[in-house]
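Since the structure comes first, as structure tokens, the remarks are kept for the end.
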Amino acid sequence: MTSSGTNSASGPQAAGARVTGPRTDGTRAGGFGSAAWELLLPAADAPVRRRGRALQSALREAVRSGRLAPGTRLPSSRALATDLRVSRGLVTEAYEQLTAEGYLRSGRGAGTWVSGAVRAPAPGARDLAPRAPGVRVDFRPGTPDLSLFPRGAWAAAHRSVLGRLPHDALGYPDPRGLPALRDALAALLSRRRGVVADPERLVVCSGVAQATTLLGFVLHGRGARTVGVEDPGSPEHADLFASAGITAVGLPLDDEGLAVEPLVRSGVRAVVTTPAHQFPTGIAYSAQRRGRLLEWAREVDGLIVEDDYDGDFRYDRAAVGALQGLDPEHVAYTGSVSKSLAPGLRLGWLLAPAAMTEEIVARKRTMDLGNPSLDQAVLADFIVRGGYDRQLRRCQRAYRERRDALTSALAEHFPGAEVSGIAAGLHVIVDLPERYGPEPLFLARASGAGIALRPLSTCGTAAPGHGAVRLVVGYAHLSPQEIGTGVRLLADSRRRREFI
């Protein structure tokens, strides 16, 4: 056999000869289809040193795409080499390589055939990111204003960090996170949220979702099969724990927070809470309730998982400190930059009790070997140089203005509407009187007008409220003008229907 790119003969089959068409008599070797033959022409016309790989790639693609169907018999190496005007050795090598990979099959004296093992991939990559096509105004909660992301400051931090980052920092990181980021986060969380933040117990995660999943795996490994969740609450908590083999048990709330007696009766020894700003009701747990929950955790040697998803955003006074600061051995604290910077960064943190830290770190190591080092280093620099505090102040001003715009627009277009919850976060609960219902009809009219809404009923079975229509309304990602337009369109859609 000759090597790829060399010739065993001179003349029209020379490796350097350019392909000008099929045989002069117009035939195709072995009945080889013209579509497949044409697919190989660019490979045969490639530079000499790349011709062998180009031919293999072209044949491989022809099989994958279905242009060479399973069971198709290929021309002999001599015939195909003659058609393409390349060396026979180059074709033989391509056949042998693709046979080894499973694209082709062959037998002595039986020729070469397209294998039946190959299946064509789905055409193109789909984008499964959540989108709202056809929606004019999206009032669903959970998204910050991504236009507020500090692109200039972040880019400057990225350039600065990349210029001075040592080479070994680009290797596999400590699964807990870069020491520089853990130090920066510990100082930030202690100062802003009142947590007891030991950098050695702080684990950098891909958002609160991964932090919750890590806790789920560790709890499952310790024998837990159930965990309490707030009802109403975030549906995502139940899904995340389910992925670790743990069933979520809905527990009701009252005006002070999670009701303790149902918690005691449930028998769970771990519970997820949002005490600074409960999602979705918008209440802040009372001091008495916070203390009673900690008593419960100590009595049963249980765990409180504190999801501090928007604890930095309080508009009428200083934010209530984190529950974790009162008992770091019975509270696991989670948070992220998803509301302050952007969820697409996938950067969050988990502060775990000392007794769980090693198990969490071991699970984090096997899960992903740690978060990207460069992204962690950039966030650390951004925090240390004051960029993160400036970003929080910027967001607080914008979101407070938008909350005010929402309450004003509702008062103008929906008389009698009640907005509940503390002045905090990125959403409010809106109760509309009975005359605006029933809720299914109200939601259908809103959808017809291009307005996306989330009813409170999607957040659990114990959703409180007295109105005929109860909504969880997000506003942070909308400008004051968009908020006003959306509420007006919502009111117009109802009025139009009244006169039909």
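Summary table
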{"quantity": "Net +/- balance of residues flanking Glu256 in space, Cβ distance below 11 Å, scoring K and R +1, D and E -1", "calculated": "+1"}
{"quantity": "Mean projection area, nm², convex hull over Cα of the stretch 255-306", "calculated": "3.3 nm²"}
{"quantity": "Value of D in µm² per second that Stokes-Einstein yields for the stretch 172-273, Kirkwood Rh from Cα pairs, at 4 °C (1.567 mPa s)", "calculated": "85 µm²/s"}
{"quantity": "Projected-area average for the stretch 369-410 over all orientations - Cα convex hull basis, square nanometres", "calculated": "4.4 nm²"}
{"quantity": "Hz values of 3J(HN,Hα) by residue in the stretch 252-267 - Karplus curve (6.51, -1.76, 1.60), Gly and Pro given as x", "calculated": "x, 10, 10, 5, 9, x, 5, 6, 6, 4, x, 4, 4, 5, 5, x"}
{"quantity": "Unit charges at the beta carbon, dipole of the chain: most positive-side option, Leu351, Ser115, Cys395", "calculated": "Ser115"}
{"quantity": "Overall dimensions of the stretch 221-285 as given by Cα atoms, namely Rg and Dmax in Å", "calculated": "11.6, 35"}
{"quantity": "Dipole moment magnitude, nearest 20 debye, the chain about Cα centre, only Lys, Arg, Asp, Glu C-beta charged", "calculated": "2320 debye"}
{"quantity": "Nitroxide proxy distance, nm - points 7 Å out along Cα→Cβ at Arg131 and Ala362", "calculated": "4.4 nm"}
{"quantity": "Interchain or long-range residues, amide H under 5 Å from Cys205's placed H", "calculated": "Gly348, Trp349, Leu350"}
{"quantity": "DSSP H segments from the chain that extend 30 Å or more along their own axis, Cα-based, with Kyte-Doolittle mean of -1.0 or above", "calculated": "none"}
{"quantity": "Spatial separation of Cα centroids for the stretch 136-209 and the stretch 259-299, in angstrom", "calculated": "28 Å"}
{"quantity": "Computed helical MRE - 222 nm, the chain, DSSP H runs ≥ 4 contributing -39500 (n - 2.57), nearest 500", "calculated": "-13500 deg cm²/dmol"}
{"quantity": "Debye intensity ratio in log₁₀ form over the Cα atoms of the stretch 355-431, taken at each q of 0.20, 0.23 Å⁻¹", "calculated": "-0.89, -1.01"}
{"quantity": "Equivalent ellipsoid semi-axes, the stretch 229-331, via Cα gyration tensor eigenvalues times 5, rooted, Å", "calculated": "20, 16, 13"}
{"quantity": "Relative contact order (percent, whole number), the stretch 226-273, Cα cutoff 8 Å, 6+ residue spacing", "calculated": "49 percent"}
{"quantity": "Carbon and sulfur %, accessible surface of the stretch 294-450 computed with the full protein complex present, 1.4 Å", "calculated": "50 percent"}
{"quantity": "Sorted largest first, extent of the stretch 310-420 alpha carbons per principal axis (Å)", "calculated": "55, 32, 24"}
{"quantity": "Å² of accessible area per residue within the stretch 253-353, as computed with a 1.4 Å probe and no ligands counted", "calculated": "33 Å²"}
{"quantity": "Under the Debye formula (equal points on every Cα, no solvent term), log10 I(q)/I(0) of the stretch 95-161 at q = 0.16, 0.22, 0.24 Å⁻¹", "calculated": "-0.78, -1.04, -1.07"}
{"quantity": "Given charges at Cβ of Lys, Arg, Asp, Glu: the chain dipole, positive-most of Gln56, Val487, Leu253", "calculated": "Gln56"}
{"quantity": "Kirkwood-based shape ratio for the chain, expressed as Rg/Rh from alpha carbons", "calculated": "1.15"}
{"quantity": "Residues of the stretch 295-324 with amide N under 13 Å of a point placed 7 Å along Cα→Cβ from Ser420", "calculated": "none"}
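The values are calculated or read from the model by the stated rules, or taken from the named source; none is laboratory data. It should be emphasised that the depicted structure is a prediction, and the values quoted were computed from it without experimental measurement. Neighbour counts run over all protein chains shown; Cβ positions are idealised from the backbone, glycine included. For accessibility, only protein heavy atoms count, side chains too; no ligands or nucleic acids. Shrake-Rupley method; radii C 1.70, N 1.55, O 1.52, S 1.80 Å.
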